[in-house]
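Structure, as C-alpha cells:
The values are calculated or read from the model by the stated rules, or taken from the named source; none is laboratory data. Just so you know, these numbers come straight off a predicted model, no measurement behind them. Here the Cβ positions follow ideal geometry from the backbone for every residue, glycine too, while neighbour counts run over all protein chains shown. With ligands, DNA and RNA removed, areas are computed over all heavy atoms of the protein, side chains included. Shrake-Rupley method; radii C 1.70, N 1.55, O 1.52, S 1.80 Å.
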Amino acid sequence: MALGSGIEWTESTWNPVTGCNKISPGCKYCYAERMAERLQAMGQPNYRNGFQLTLQPQMLELPLQWKKPQTIFVNSMSDLFHKDVPLTYIQRVFDVMRRAHWHRFQVLTKRADRLAELSPEIEWPENVWMGVSVENADYVDRIDDLRTTGARVKFLSLEPLLGPLKKLKLKNIDWVIVGGESGHRARLMDPAWVTDIRDQCARAGVAFFFKQWGGKNKKKAGRLLDGRTWDEMPTAPESTRSARSTRTRTLPIVA
C-alpha cells in the first residue's frame, strides 16, 4: 500500500486485501493485526473494519501508477489465499500483476492448501514470486503444496522461526528467508536452527536471506550471522533451472 518498506527483502507493499485471522502458531503475535488496530484508531479508511478481512478494490490498480520498477510485497496486511477472498478477486490481483510487468511481485501465504487448489485457475506471470510461511516442523507440508503451483519462482518464509527444520525438501525451491520474531513477547530463536537452514540451502544451491534475530529490540539484535549479512536473492525467472545454483546478492532489474 505504500512506496518504501522497512521489510528487508522487499521495496514496497501493496494491500488489495486487508485483515486476516490466526491459523497456526506463527500468527500468535501478528504484527499486521497490531498495525491494523493502530490504523483503525487513526481513522485510516482502509482499516475501518480493523483486522476483519476486507477487500480493497480501490487499491487494485495502484502498482500500475508506480512507474519505477521495484519489488512489491503483496498483502503484507493480509493473506491473498484466505478462504473469504473469492477466486475471481484473486484473479483480478494476478491480472494487475501481469499488466504491471515492470515490477516484481512477492506473494506469501499460510493457506498453502488453498493455493494448491486454486493454482490451475491462475495464469502465473513470470514477474510473480510465490511463497509459503513455515514456522516449525508441523507445517512443512506447505512446501509440497507450493511445489505444485505454476509459479516461476518459489520461496519459503521461515519467520518467525519457532523450531528446528531438519532435512527440508528444497527441490524446486528458489529462495529461503529466515527470521526471528520481534516484539516484547517475542519467542526466542536458537542460532543453531538458523545455521542449519543456511547450510541446507548452500548444499541445495538455494538462495538464503537472513532477515533478523528479532527479540524485544530487533535493531539492537541486528541481522548478522557468523559476522556478516546474508542477502542472497534468487536468479531471475527467465533463467533456466540449470542456473539455479548461481546466486546473486543484488536484485536484478526487471525490464
Original post:
Being within 18 Å of Met97 (Cβ to Cβ), surrounded by fewer than 18 Cβ atoms within 10 Å (Cβ to Cβ) and charged (D, E, K, R), is that true of even one residue in the stretch 139-157?
Top reply: no
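How many of the residues in the stretch 94-147 are of a type in the set (Asp, Glu) and touching a Phe, Trp or Tyr at 6+ places or on another chain (Cβ under 7 Å)? Walk me through it before giving the result.
To start, the set of residues in the stretch 94-147 that are of a type in the set (Asp, Glu) comprises 95, 113, 117, 121, 123, 126, 135, 138, 141, 144-145.
Within this subset, residues satisfying the condition of being touching a Phe, Trp or Tyr at 6+ places or on another chain (Cβ under 7 Å) are 123.
The total comes to 1.
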Original post:
In the stretch 104-128, which residues are touching an Asp or Glu at 6+ places or on another chain (Cβ under 7 Å), assigned to a helix (DSSP H, G or I) and of a type outside the set (Gly, Ala, Ser)?
Top reply: Asp113, Leu115
Original post:
With respect to the numbered conditions (1) farther than 23 Å from Pro25 by Cα; (2) open to solvent by 60 Å² or more (accessible area, probe 1.4 Å); (3) of a type outside the set (A, V, I, L, M); (4) without any contact (Cβ under 8 Å) to a residue 40 or more places away in the chain, which one is the sole condition not fulfilled by Phe94?
Top reply: (2)
Original post:
Which of the residues spanning the stretch 51-98 are touching a Lys or Arg at 6+ places or on another chain (Cβ under 7 Å) and among the charged types (D, E, K, R)?
Top reply: Asp79, Lys83
Original post:
If Thr13 passes every condition in (1) in a loop (DSSP other than H, G, I, E, B); (2) under 17 Å from the mean Cα position of the chain (by Cα); (3) of a type in the set (S, T, N, Q) but one, which one does it miss?
Top reply: (1)
Original post:
Given (1) of a type in the set (Lys, Arg); (2) in contact with an Asp or Glu (Cβ under 7 Å, 6 or more places away or on another chain); (3) modelled with pLDDT of 95 or more; (4) open to solvent by 50 Å² or more (accessible area, probe 1.4 Å), where does Arg228 come up short, assuming only one miss?
Top reply: (2)
**OP:** Quickly run through the stretch 213-229 and pick out the residues that are under 15 Å from Tyr31 (Cα atoms) and either in contact with a Pro (Cβ under 9 Å, 6 or more places away or on another chain) or touching a residue at least 60 places away in the same chain (Cβ under 8 Å) (or both).
**Re:** Gly214
Original post:
Is it true that His101 is of a type outside the set (Gly, Ala, Ser), over 11 Å from Pro16 (Cα atoms), open to solvent by 60 Å² or more (accessible area, probe 1.4 Å) and part of a loop (DSSP other than H, G, I, E, B)?
Top reply: yes
**OP:** Go through the stretch 166-196 and count every residue that is in contact (Cβ under 8 Å) with a residue 40 or more places away in the chain and open to solvent by 70 Å² or more (accessible area, probe 1.4 Å).
**Re:** 1
Original post:
What do you reckon, is Val85 open to solvent by less than 20 Å² (accessible area, probe 1.4 Å), within 27 Å of Lys28 (Cβ to Cβ) and at pLDDT 95 or above?
Top reply: yes
Subject >> Scope the stretch 26-52; condition open to solvent by less than 40 Å² (accessible area, probe 1.4 Å) and in a loop (DSSP other than H, G, I, E, B); matching residues >> reply: Cys30, Gly50, Phe51
